[in-house]
Amino acid sequence: MIPPSRPPRVFYGWLVVAALAAILFLSAGLGFYSLGVFITPFEEEFGWSRGQVSIGIALATTTSGLLGPVVGVAVSRVGARTVLATGAVGMGICFALLGLTSSLPYLYAMFVLMAAWRAGLMIVPVAQVVANWFQRQRGLAIGAATTGIGFGGLVMAPLSKVLISSMGWRPTFFVLGLVIVAVGLPLTLMVVREQPSDRGLHPDGLTPIDPPLRPQLASTPPDPATEVWPASQAIRTGAFILATSAISLGFASMGAVLLHTSPFMEDRGLAPEMAGLVLGFVAGMGILGKVGSGYLSDRAAPPLVLAAMFLMETVGLIALITITGMVGVTVFVLVFGYSMGAVVALQPLVLVHYFGIRSIATTLGAMTAFSALFTALGPVFAGIMHDWLGDYTLAYLIFAGVNCLAALLVLLIRPPRVRDRAEPSALRSPAGVT
């Protein structure tokens, strides 16, 4: 008699989450955080100003965000694995080709091309895959996957500095580009699976014992979260408009504070090394915030958790401005850092809450396009305010108010109404979800 096989101790979905976290680690760590490390080498070799190089970085950041809708459509039509695999190859090649930079136009062009491929390695395909694999622990899983973003910032920027010092910036671009392909592509092809059924499993690793749900009665209004929402329909709903406005305002505040925290600390008398350390601690708390908020969103409505996180950001900013010395800095690191990371993880969870997993790729892609513009504008506003007034106090007070407004907008969201159901042929379910 053959003994019954035991279920695996570790649900395969968590291996998928680990692989996706590693992909985000490379995408964010190299495609965003480490780019600033190359400013000084460009300045020394070519005499380009920091502003000139920063334009290229801004172009890269904006490009990745604006291509969110394109990535969302691609995920829904060809699947997340295809998008992730091609993104890894394209981003890795373009990152390596940055080592051949000899002029500003070439630098700008390669930044834009690299960022275009990087868009396929960001939150849109990752959120779709994780949402397919998890239901009961979806928040925790998405939070765990997005920790790769924070770890990428903590590890890859310092590592890039070490490589530049030891071998020069040109070989560093080549080596790191090779790493993107050599790590990202095998993880996608060998580990990532679009949905549990690809391995004969069910979401969360559970075996369903309940009978199928009864067909919905004609008199019962359809649940918006069970529908397929094309982006063209979703973006016209009040739920999407309010959620996108709130997230965009939050990202404007977040981007400004992250970029200007180090000079803010130096203006307050901290040594540059200590100011950089504070920023690192903020990123570290952001990692905890992603996991913690994901865990909370499995037990409470994600919009309520998101509103609370926006209010926590406000508390952190007010503490930084009003409490002098390291006490204020400590409160800021703990409270703002945690809530900042949480907002990133909660963005896809809020969309799943209102539009369901079948629409996450298209709705998140559309939201990303809007939020990317605000992420770029926030730091610019903070810099202008500093140049005008000589410090960041008023700018940070404004961003504290912006976070309160974002929390209010989230609380005003109501579930969208299903007016026109999308026919199955109009938009194929992402990754084969039925």
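Things worth noting here:
- Residue in region 325-334 that is of a type outside the set (A, V, I, L, M) and either under 26 Å from residue 230 (Cα atoms) or at pLDDT 90 or above (or both) present: yes
- If the condition is being more than 20 Å from residue 367 (Cα to Cα) and either touching a Lys or Arg at 6+ places or on another chain (Cβ under 6 Å) or surrounded by fewer than 24 Cβ atoms within 10 Å (Cβ to Cβ) (or both), then region 113-133 contributes only 113.
- Among the residues making up region 308-332, those that are hydrophobic (A, V, I, L, M, F, W, C) and under 12 Å from residue 265 (Cα atoms) are 320, 321, 326, 329, 332.
- Test: residue in region 377-384 that is of a type in the set (Val, Ile, Thr), under 22 Å from the mean Cα position of the chain (by Cα) and at pLDDT below 85: yes
- Listing of helices (runs of 4 or more DSSP H) fully contained in region 285-404 that carry 1 or more residues being among the charged types (D, E, K, R), in contact with a strand residue (DSSP E or B) (Cβ under 6 Å, 6 or more places away or on another chain) and not assigned by TED's automatic domain parsing to the domain that holds residue 266: none
- Filter result for the condition that a residue is out of contact with any Cys (no Cβ under 6 Å at 6 or more places or on another chain) and surrounded by fewer than 19 Cβ atoms within 10 Å (Cβ to Cβ), over 251, 281: 281
- All helices (runs of 4 or more DSSP H) inside region 93-177 with 1 or more residues being over 30 Å from residue 293 (Cα atoms): 104-118, 138-167
- Options 252, 271, 283: the member that is in contact with a Phe, Trp or Tyr (Cβ under 9 Å, 6 or more places away or on another chain), at pLDDT below 90 and among the aliphatic types (A, V, I, L, M): 283
The values are calculated or read from the model by the stated rules, or taken from the named source; none is laboratory data. Note that this is a predicted model, so its numbers are computed, not measured. We place every Cβ from the backbone using ideal geometry, glycine too, and count neighbours over all the protein chains shown.
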